Amino acid sequence: MLAFAAAGERASRIVIWARRTEQAKSLADDVLQVWPDRRVEYIADPDELPGRNWVVLHGTPAGMWPNTGTLPLPEKSIHLLLTKAAELYDTVYNPVATRLVLLARSAGVPAQGGLGMLFGQAVAAQRLWNPQAEFEDEFLIQVRDSLAAAVYTQFPLSIVLTGFMGSGKSTVGALLSEYTGLPLVDLDSEIEKTAGKSISDVFAQDGEAAFRDLEHDMLAACLRRGDSQILATGGGALTAERNIDLVRSSPALTIYLNATLPEIRRRIGRGQSRPLWRDDQSEELQKLYDRRQGIYSSVADRSISADQDPEQLAAALAADLGFGGKIK
């Protein structure tokens with residue numbers, strides 16, 4: 001349907017990719033039968049997409065809840081595709097912002113999910129089957145703007161915040177909770193409740209390995225909760241492969257709060273309460289920051305600068321997730 005709609009709108013060039021090449025060829029042939037004057041092609045691999053400034057239309061179920069960690073293409077191909085995209089539209093509407101949409105926004109590509117399409121389709125169907133019914137614009141606006149919250153209520157999703165110590169995960173998480181109405185769960189606080197002592201004491205008395213095991217267990221427990229939530233993790237949580245696998249296999253999306261090290265130093269000061277922070281070992285801190293930054297970037301669905309004002313950052317993320325702005 002996307003290819004037919006594009007042809008109907010007189011798109012100057014349509015390139016089709018499907019999981020099976022024969023499907024793509026068959027669809028291209030079908031479109032040309034209806035609009036023989038259109039330029040319609042198919043490709044065997046998205047890496048073959050020619051040129052730039054494409055409007056990318058995604059029509060597979062990849063990324064649909066609860067399999068929110070899936071993508072229609074290998075991640076390397078997705079990143080290459082986004083370098084050629086001017087805009088992206090994902091027909092998946094649950095979650096409101098899919099992993100694909102968030103990756104596009106992180107790459108600076110304007111992107112939208114399919115919730116607006118779902119709403120428009122429902123209104124059109126009601127008008128078709130109930131022509132006598134009247135739908136006032138004010139009522140339709142109220143329904144449309146409440147859809148995102150309804151999706152989060154019906155389909156539990158964890159918004160996982162990751163980033164280096166001092167990047168603002170707890171602060172931004174609390175503000176994001178206010179914007180969205182979703183509860184904030186702080187993983188380190190949950191660990192301290194279970195251990196009956198502070199994170200620093202766990203490190204000092206039991207060692208880092210024991211802490212990481214407890215962190216893994218508590219992350220699994222938090223991800224099993226039956227409601228949507230904002231989950232703020234510790235700086236090392238999503239650097240472990242087993243924890244990354246937990247998040248990827250859960251209905252969850254990951255946001256990387258990318259703060260620069262000078263800004264982190266300014267916020268933390270001497271950082272006495274942080275077990276891995278030693279301000280007198282700046283070279284080791286730089287190495288730790290560099291190593292973790294690469295991991296955060298690779299696991300994040302949405303990467304955003306965290307050097308900005310936390311209030312503005314939380315507002316931007318809330319809009320990304322479908323809150324505080326009208327769906328399109």
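Here the strands (runs of 3 or more DSSP E) wholly within the stretch 1-89 that include at least 2 residues being of a type outside the set (V, I, T) and touching a helix residue (DSSP H, G or I) at 6+ places or on another chain (Cβ under 8 Å) are 40-42, 54-58.
Considering only residues that are more than 14 Å from P46 (Cβ to Cβ) and surrounded by 12 or more Cβ atoms within 10 Å (Cβ to Cβ), look in the stretch 8-22 and name the one that is nearest to the chain's Cα centre (by Cα). Only one residue fits best here, namely I14. Against the definition (exposed (fewer than 12 other Cβ atoms within 10 Å of the Cβ) and not aliphatic (A, V, I, L, M)), how does D90 come out, yes or no? Considered against the rule, which asks whether it is exposed (fewer than 12 other Cβ atoms within 10 Å of the Cβ) and not aliphatic (A, V, I, L, M), D90 comes out as no.
Test E138 against the stated conditions and say whether it is under 26 Å from L285 (Cβ atoms) and either among the basic types (K, R) or part of a helix (DSSP H, G or I) (or both). In short, no.
Residues that are within 25 Å of A316 (Cβ to Cβ) and assigned by TED's automatic domain parsing to the domain that holds A300 do not occur anywhere in the stretch 208-219. Would you tally the residues in the stretch 127-186 being without any contact (Cβ under 8 Å) to a residue 12 or more places away in the chain and within 27 Å of L261 (Cα to Cα)? Within the stretch 127-186, residues that are without any contact (Cβ under 8 Å) to a residue 12 or more places away in the chain and within 27 Å of L261 (Cα to Cα) number 1. In this structure, is G196 among the small types (G, A, S), farther than 20 Å from D301 by Cβ and free of Cβ contacts under 8 Å to residues at least 40 places away in the same chain? Taking the combined requirement at face value, the residue satisfies it. Residues that are assigned to a helix (DSSP H, G or I) and within 25 Å of W65 (Cα to Cα) within the stretch 149-170 comprise A149, A150, V151, Y152, T153, Q154, K169, listed in sequence order. Do we have A133 as touching a helix residue (DSSP H, G or I) at 6+ places or on another chain (Cβ under 8 Å), among the small types (G, A, S), in a loop (DSSP other than H, G, I, E, B) and farther than 30 Å from W54 by Cα here? It is true that A133 is touching a helix residue (DSSP H, G or I) at 6+ places or on another chain (Cβ under 8 Å), among the small types (G, A, S), in a loop (DSSP other than H, G, I, E, B) and farther than 30 Å from W54 by Cα.
Taken together, the residues in the stretch 219-252 that are surrounded by fewer than 22 Cβ atoms within 10 Å (Cβ to Cβ), in a helix (DSSP H, G or I) and without any contact (Cβ under 8 Å) to a residue 60 or more places away in the chain amount to 8.
The values are calculated or read from the model by the stated rules, or taken from the named source; none is laboratory data. All values reported here derive from a predicted model rather than from experimental measurement. When we count neighbours, we look across all protein chains shown, and the Cβ atoms used for this are built from the backbone with ideal geometry, even at glycine.
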